[in-house]
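Values in this text are rule-based calculations from the coordinates and carry no lab data. The structure displayed is predicted, hence computed values, not measured ones. Cβ coordinates were reconstructed from backbone atoms using ideal geometry, including for glycine residues, and neighbour counts include every protein chain displayed.
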C-alpha cells in the first residue's frame, strides 16, 4: 500500500522535502495542545519524527503519512496507524489549524480504518484522546470507533476508543 485517497485528500508516505511544512504544523502550540509530547522545538526534531515514521513504515507496512488537500495540493498534516510498544495499533491524526472544521480528520481516520481492516489485515485499532479534545472525540465516533475506557498516557488522562474487524 503506497497511498490512500478520500473525496478531498490524498494520503501518502512522507517524502523528502516535507519536513519544513510539517514543522510549521508540529511546532504550532495550538495544533499540538493534545498531542503526546507537545510542540516540536526544532526542525531537527521534526526531521527525526519523520525519519521514525519512515522506519516504522518499512517495518510494519503502515505509519503516519502526509495528508495532502487535493484542491490546493498543500500538505496539511498527518494521519495514520502506528504500532505502540505494547503491540496495539493506534490511529492518529494531526492537522494544521487552517484545515480544521472541514471533515478532513474524519475522512483520513475512516480511510485508515478501512485500510487497517482491509489490505493491512489488522484485527483491532485503538485511539486515545484527551477528554477536553472534544473535536477529536467526535472524529473518532464519526469514524465508527467506540469508547471502551480510560487510561493515562504521557502523564495525562485519555479516553480509549476501539474498533474491531
What would the Debye formula give as log10 I(q)/I(0) at q = 0.09, 0.10, 0.13 Å⁻¹ for the alpha-carbon point model of the chain, no solvent?
-> -0.26, -0.32, -0.57
Ranked by GNM mean-square fluctuation in the chain (Cα springs under 10 Å), the top entry among 85, 13, 39 is 85
Computed FRET value (nearest 0.05) for residue 86 with residue 165, which takes r as the C-beta separation and R₀ as 22 Å = 0.70
Please give the length that would be gained between residue 124 and residue 8 if that part of the chain were fully extended, namely 0.36 nm times their separation in residues minus their C-alpha to C-alpha distance (nm, one decimal).
-> 39.2 nm
Do the sum for the chain: with -39,500 (n - 2.57) for every DSSP H run of n ≥ 4, divided by all residues, what is the mean residue ellipticity at 222 nm, to the nearest 500 deg cm²/dmol?
-> -9500 deg cm²/dmol
